[in-house]
1. Which members of the range 168-196 meet the condition of being charged (D, E, K, R) and touching a Gly at 6+ places or on another chain (Cβ under 8 Å)?
2. List every residue pair whose Cβ atoms sit under 8 Å apart, with the two residues 6 or more apart in sequence or on different chains, where the first one lies in the range 285-306 and is at pLDDT 95 or above and the second, anywhere, is part of a strand (DSSP E or B) and charged (D, E, K, R).
3. Of all residues in the range 303-337 being of a type in the set (A, V, I, L, M) and not in a loop (DSSP other than H, G, I, E, B), which is most open to solvent (accessible area, probe 1.4 Å)?
4. Does at least one position in the range 196-212 carry a residue that is under 30 Å from residue 351 (Cα atoms), in contact (Cβ under 8 Å) with a residue 40 or more places away in the chain and not in a strand (DSSP E or B)?
5. Checking residue 253 against (1) touching a Pro at 6+ places or on another chain (Cβ under 7 Å); (2) part of a loop (DSSP other than H, G, I, E, B); (3) under 26 Å from residue 61 (Cβ atoms); (4) hydroxyl-bearing (Ser, Thr, Tyr), only one condition comes out false. Which one?
6. As an exercise: evaluate residue 170 against (1) over 24 Å from residue 347 (Cα atoms); (2) open to solvent by less than 30 Å² (accessible area, probe 1.4 Å); (3) assigned to a loop (DSSP other than H, G, I, E, B) and give the number of the one condition it does not meet.
7. Just to be sure I understand, how many residues within the range 108-124 are over 26 Å from residue 136 (Cβ atoms) and crowded, with 16+ Cβ neighbours inside 10 Å?
8. Across the range 443-471, what is the total count of residues that are surrounded by 14 or more Cβ atoms within 10 Å (Cβ to Cβ) and touching a residue at least 24 places away in the same chain (Cβ under 8 Å)?
Amino acid sequence: MRRISIDPLGMTSPRSATFTAAKRRRGPWYTSRPRLLATIFVFGLLYLYLNFGGTPVLIPEDSYQTLADDSLRDILNSTLGFQKILVLNLPFRTDRRDAITLAAATSNIQLDFVDGVTGDSIRQSAYPPPEENIKLPVGIRGSWRTHMNALQRVVEQNLTTALILEDDVDWDVRVRQNMQRFALASRFLSENKDVLSSSPQYRLESRPNPETPETAFHILSENGITEKLPSLPLSSAYRKPLRYPRPHPNGPTSPYGDPAEWDVLWIGHCGAGFPRYSTSSKKTDVTTSNVLLTLPNDKTVPIPKYLKAHPFQGDNDPLAAAYPPHTRIYHRASGGELCTVGYAVSQRGARRLLHQFGVKNWNGIFDSELGKWCAGEDSAPSSANIAKETKSQTPLLHRSGKVKARERVCLASQPPIFAHHHPMDGESDIGGLGGGYATKYETKYLRYSVRMNLERIVRGEKELVDQWPDE
């Protein structure tokens, strides 16, 4: 009998007598729902890891060692990571210009001078309200106008950031190392919006506040003095991003954090208060408005008995009693500060300060006025003004509800990174708190002061003098 092979599906070759199974063709991976979901999940985890993950920043205990973080590299340049460093100097004080020029040169720091003015050279029509400020002492009026001229230059030249120094300023030879550590704090304090006390991520501790109405700054009311000092180690607060975001080529950049998020970095002063309660959050909440970042075992910090701005100051700074020796702290400057020996401004901050004190209102020594400004907040616009401004806008742009007051973000370091130098036979041209009342040759707060070691540095000597040594 003859066998006939039938291939109704056409799956065998006419020349083959055996059956061959059809090969199944696979579709693209994205047509499989399980594979698609798994791929999305993996890439989602990778995105979160790269953008929100990070590693703790290793802050060297050696105060001479810089941090191994590329985002802080600009602080090592000749302007300490700012676009410019402006120095306020009366043209006839050539002695001060000589001294600060030499000190800056030995520290590889580039300066731009802003000529100071005297109070008697300002016309009465040039003062902002109120009219009684014309009765203030000549030195105070001249100092105010000189600071306004510096802020005006920042605004006019559209500088993203600028450091403003008075000409009797001093700094430690480890200034760049100090500024790198401060930059970690300023990023966290200006950019973090979390309620820290609601997150297990932050290892908060609470310390008693030694400030009292008697020891606190009298430029502010005693309302708002906190009972406790919520504290957080700097090393645990800031985490080094796995991929630090690259700024836009034409956008503003700063190693101290987004300049759109801060106004003033008050790093040169003669005393600062601890943060006050914030009106923007509950008293029980710990946020960046009231937390204090701590850097223990900082050998640039003198022992507690030397933490005093002036010889006539009765008690030591509250920092001396609040934290262990050699602890540096960083926080919002909402508890008042005195002396504007050194402070940085962003473009946003320079515009706000120039408007407040150059146009709107000024009636006191500039440092105390700035301290009050940093302790407050802009008043919220009235509902009538909001309605007027939004009346011509499209419905998509209109926003209803309560409008919050705009926050003023001023940040401080204690002890200061820049401090007043009191030279031999020195004399202040302001007549307020500062060099005019100090007669001893010294610089408070700074251990290896550049000014106090200037002759040794110029000679090329390696052994420098620690003016506030440990005992």
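The values are calculated or read from the model by the stated rules, or taken from the named source; none is laboratory data. All values reported here derive from a predicted model rather than from experimental measurement. Counting neighbours? That spans all protein chains shown, and the Cβs are built from the backbone with ideal geometry, glycine included. With ligands, DNA and RNA removed, areas are computed over all heavy atoms of the protein, side chains included. Shrake-Rupley method; radii C 1.70, N 1.55, O 1.52, S 1.80 Å.
1. If the condition is that a residue be charged (D, E, K, R) and touching a Gly at 6+ places or on another chain (Cβ under 8 Å), then 168, 187, 191 are the ones that fit.
2. Short answer, once both residue conditions are applied: 294/328; 295/328; 298/328; 300/172; 300/328; 301/328.
3. Just the residues of the range 303-337 that are of a type in the set (A, V, I, L, M), to begin with: 303, 307, 309, 319-322, 329, 333.
Within this subset, residues satisfying the condition of being not in a loop (DSSP other than H, G, I, E, B) are 319-322, 329.
Numbers: 319: 8, 320: 20, 321: 82, 322: 7, 329: 0 Å².
Residue satisfying both the conditions and the ranking: 321.
4. No, the range 196-212 contains no residue that is under 30 Å from residue 351 (Cα atoms), in contact (Cβ under 8 Å) with a residue 40 or more places away in the chain and not in a strand (DSSP E or B).
5. Failing condition for residue 253: (3).
6. Condition (3) is where residue 170 drops out.
7. As a first pass, look at the range 108-124 and keep what is over 26 Å from residue 136 (Cβ atoms): 108-112.
Subsequent filtering for residues that are crowded, with 16+ Cβ neighbours inside 10 Å retains 109, 111.
Total satisfying the criteria: 2.
8. 16
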